[in-house]
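A.B. asks: Got a structure for you, questions after.
The values are calculated or read from the model by the stated rules, or taken from the named source; none is laboratory data. Keep in mind it's a predicted model, so treat the numbers as computed, not measured. Quick reminder, even Gly has a Cβ in these numbers, built from the backbone with ideal geometry, and neighbours come from all protein chains shown.
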Amino acid sequence: MTELRVYLPIEDLQPQFAAYLSSPTRARGYPPFAGQHSLIIEVAPALAIHRITDLALKSAPEMEPGILYTERQFGLLELHSDRMEDLDSAGTAILEGIGAKPEDQLKPQILYHDIIEDLSDQHAIILNRSRDASILVPGVALLIYEMAPALFACVAANEAEKAAPNAVINDVQMMGATGRLFMSGTLDDMRIARDTITAKLEAIQGR
């Protein structure tokens, strides 16, 4: 049996998040670009992701795989295309192949969020040592958001960037036990981003 953990279509990749997905530590395959659409799948056991990949790419060979990754327990595939129809076709083939429905995925759990106002210089320095995206600067408001499964950090980052395009994505931790997003900007933008993420995660159907 293949367990569907995450079935995540993301429409209209935003510039910062697309660039993050295209970074060498993320896109081991073909990098996505802003304006494309993405489908992210996570399954267990981990090696089942190769059957998922086979089903997807044979159903819509024009698509490009950006990430194919197996961790200890779970397998992850990211696909992207200029056409949402290609992703829909691939998604249908995947779901039929493993006998699942989108709502069989795990429902996102919101674990924690906070907005830190007027970030101190020491705090910014230590965070910059481990971040994967843009530099944090002192004085900004910092949004931190944690959820599970980890891959839901992807839709959180993309939707937050849509809602607050002047905000800066500093880090997106999309693999592991939980997902984490670090964004910075004005206090108003961080409140908009937080509320957008919460509404999006709460609307996703799952078990």
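A.B. asks: What residue, of S89, S59, S23, S81, is within 15 Å of the chain's Cα centre (by Cα) and surrounded by fewer than 22 Cβ atoms within 10 Å (Cβ to Cβ)? Let's see the steps before the verdict.
C.D. replies: Working: S89 fails: within 15 Å of the chain's Cα centre (by Cα); S59 fails: within 15 Å of the chain's Cα centre (by Cα); S81 fails: within 15 Å of the chain's Cα centre (by Cα).
So the residue among S89, S59, S23, S81 that is within 15 Å of the chain's Cα centre (by Cα) and surrounded by fewer than 22 Cβ atoms within 10 Å (Cβ to Cβ) is S23.
A.B. asks: Oh, and also: Looking only at helices (runs of 4 or more DSSP H) that lie completely in segment 6-108, which have at least 1 residues being within 22 Å of I169 (Cβ to Cβ) and outside the structural domain of F152 (by TED's automatic domain parsing)? Reasoning before the result, please.
C.D. replies: Numbers: elements: 15-21, 49-59, 84-98.
Passing ranges, in order: 15-21.
A.B. asks: With the checklist (1) within 25 Å of I67 (Cα to Cα); (2) part of a strand (DSSP E or B) in hand, flag the one item V155 doesn't pass.
C.D. replies: For V155, the failing item is (2).
A.B. asks: Moving on. Would you check which residues across segment 181-207 are within 14 Å of the chain's Cα centre (by Cα) and farther than 21 Å from P138 by Cβ and list them?
C.D. replies: The answer is I197, K200, L201, I204.
A.B. asks: Return yes or no: is V155 closer than 17 Å to P15 by Cβ, at pLDDT 95 or above and not basic (K, R)? It would help to see each step written out before you state the result.
C.D. replies: Numbers: closer than 17 Å to P15 by Cβ: yes; at pLDDT 95 or above: yes; not basic (K, R): yes.
In short, yes.
A.B. asks: Right, something else. Does M183 fit the bill of being outside the structural domain of S23 (by TED's automatic domain parsing), under 13 Å from F17 (Cα atoms), at pLDDT below 95 and buried (at least 16 other Cβ atoms within 10 Å of the Cβ)? Let's see the steps before the verdict.
C.D. replies: On the way: outside the structural domain of S23 (by TED's automatic domain parsing): yes; under 13 Å from F17 (Cα atoms): yes; at pLDDT below 95: no; buried (at least 16 other Cβ atoms within 10 Å of the Cβ): yes.
Answer is no for this residue.
A.B. asks: Please give the number of the condition A48 fails out of (1) closer than 17 Å to L106 by Cβ; (2) in contact with a Phe, Trp or Tyr (Cβ under 8 Å, 6 or more places away or on another chain).
C.D. replies: Of the numbered conditions (1) closer than 17 Å to L106 by Cβ; (2) in contact with a Phe, Trp or Tyr (Cβ under 8 Å, 6 or more places away or on another chain), the odd one out for A48 is (2).
A.B. asks: State yes or no: is D195 of a type in the set (D, E, K, R) and touching a Ser or Thr at 6+ places or on another chain (Cβ under 8 Å)?
C.D. replies: Numbers: of a type in the set (D, E, K, R): yes; touching a Ser or Thr at 6+ places or on another chain (Cβ under 8 Å): no.
The answer is no for D195.
A.B. asks: If you take the residues in segment 109-139 that are part of a helix (DSSP H, G or I) and among the hydrophobic types (A, V, I, L, M, F, W, C), which one is nearest to the chain's Cα centre (by Cα)?
C.D. replies: L127
A.B. asks: Additional query: With respect to the numbered conditions (1) more than 26 Å from A133 (Cβ to Cβ); (2) in contact with a Gly (Cβ under 7 Å, 6 or more places away or on another chain); (3) among the aliphatic types (A, V, I, L, M), which one is the sole condition not fulfilled by I49?
C.D. replies: For I49, the failing item is (1).
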